[in-house]
Amino acid sequence: MKKIAFLVCTDYGFPVYSAESVCRSLKNTGCSVMPLDYREDDSTLQQQIEMFSPAAVFMILSGTEWGQIVSRLSDLKIPLIGWITDDPICVDYSRRFIHYFHTVYTTEKNASFVYRGLGHRRTAFLPHCADPGLYYHDPRESSVYHSDVCTVLPPSSLLMEYITFLLDYTDWTIQTVGKGWHEALAHRIPQPKLKVVNYWVPPRIARHFYSSAKVSLTLSHRDNPSHNQTGIPAGSPSHEVFAAGACRGFQLTSRRRENSGLFSTPFTPLQVGSREETLALISHYLTDDRTRELSAEACFNEIMNRNTLDHRIKYVITHLDSEEIPHYN
């Protein structure tokens, strides 16, 4: 039985994947598991790991505050496996620390080429997935969660373009959820058809929005040019695609190259490439509840069959001792 220590490192309010879900998925592979708290001081973490003596330390990473932990843990001479979950927006930060890892996984395939180009041979694409412990169908009767179109994302330039376009050309109720929307849409507030939640919500609340909205927009990653100066494009699906799908929410997402390797058709989920295409598709599906439900169910089934946290963790453990790590497909 392999022994795996793991920790989830983030400087965001809510982690993308819960420690409880990661622990459960690791145990499902037959591993003996030791969860660690990244907020502990370095010496405590090192002592805990040394006492447990794991085959590897698995780290799920987001934000720009995990470098010091990784550099200190590398002194233990125990293989570190990192899964970087917010590429490409933080790729300039992440690239500074990849050589501390035995294996690097990233949720953005374009970033994996950057890391390989820097000489890290054990680097591979491991896409986002659904955490069914956090995201599941959980609608609410309260009108707070109901809308024609909803997005649970911060106001990127792309989302702003789409949201303002829909506000200009429709009378739909549109809901935005995430920090920064009040400022981004200040020139539109107050407006009866616009509902703004101007703060981050935890997954237990986000799933109410995904489950209750008629259409969720899960478009491009947020803007963060300060940590992606080279402008590496996002070609892989975001976490929100899988979160909305796991909630059985109907969604429209950005057309991305890597979607084809994870979903069997371009209709699960539906992909868009322009504001006009988005307007046309929403107009159609808002008037056809049954087709909308069938599309959401098809996307949910694909996610549960091949795109959950269990699937990704099993891949990591399967390739723990592999000479080379292939991209996930």
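In segment 91-115, which residue that is surrounded by fewer than 23 Cβ atoms within 10 Å (Cβ to Cβ) and among the charged types (D, E, K, R) is farthest from residue 76 (Cα to Cα)? Across segment 91-115, the extreme among qualifying residues is 109. Can you work out which of the residues in segment 116-161 that are among the charged types (D, E, K, R) and touching a strand residue (DSSP E or B) at 6+ places or on another chain (Cβ under 6 Å) is surrounded by the fewest Cβ atoms within 10 Å (Cβ to Cβ)? Only one residue fits best here, namely 116.
In segment 272-299, of all residues being closer than 19 Å to residue 151 by Cα and either outside the structural domain of residue 170 (by TED's automatic domain parsing) or in contact with a Ser or Thr (Cβ under 6 Å, 6 or more places away or on another chain) (or both), the one that is modelled with the lowest pLDDT corresponds to 272. What are the residue pairs meeting all of these: first residue in segment 42-70, first residue closer than 16 Å to residue 23 by Cβ, second residue among the polar types (S, T, N, Q), Cβ atoms under 6 Å, and 6 or more apart or on different chains? So the pair list comes out empty. Is it the case that residue 72 is surrounded by fewer than 16 Cβ atoms within 10 Å (Cβ to Cβ) and among the basic types (Lys, Arg)? So residue 72 passes the test. What pairs can you find where one residue is in segment 256-275 and farther than 15 Å from residue 328 by Cα, the other is charged (D, E, K, R) and part of a loop (DSSP other than H, G, I, E, B), and their Cβ atoms are less than 7 Å apart, with a gap of 6+ or different chains? Short answer, once both residue conditions are applied: 271/255; 272/255; 273/255.
Only one entry of 8, 33, 16 meets the criterion of being aliphatic (A, V, I, L, M) and not in a strand (DSSP E or B), and that entry is 16. Check whether at least one residue in segment 73-92 is among the hydroxyl-bearing types (Ser, Thr, Tyr), more than 29 Å from residue 247 (Cα to Cα) and in contact (Cβ under 8 Å) with a residue 24 or more places away in the chain, and report yes or no. The answer is yes; a qualifying residue exists.
Condition test on residue 62, is it under 29 Å from residue 228 (Cα atoms) and among the small types (Gly, Ala, Ser)? For residue 62, the condition - under 29 Å from residue 228 (Cα atoms) and among the small types (Gly, Ala, Ser) - is met. Within segment 102-132, the set of residues being free of Cβ contacts under 8 Å to residues at least 40 places away in the same chain and in contact with a Gly (Cβ under 9 Å, 6 or more places away or on another chain) comprises 104, 106.
Of the residues making up segment 184-200, those that are at pLDDT below 95 and not in a loop (DSSP other than H, G, I, E, B) are 184, 186, 187, 188.
The values are calculated or read from the model by the stated rules, or taken from the named source; none is laboratory data. For clarity, every value in this text was computed on a predicted model and none was experimentally measured. Cβ sites come from the backbone with ideal geometry, for glycine too, and all protein chains shown count toward neighbours.
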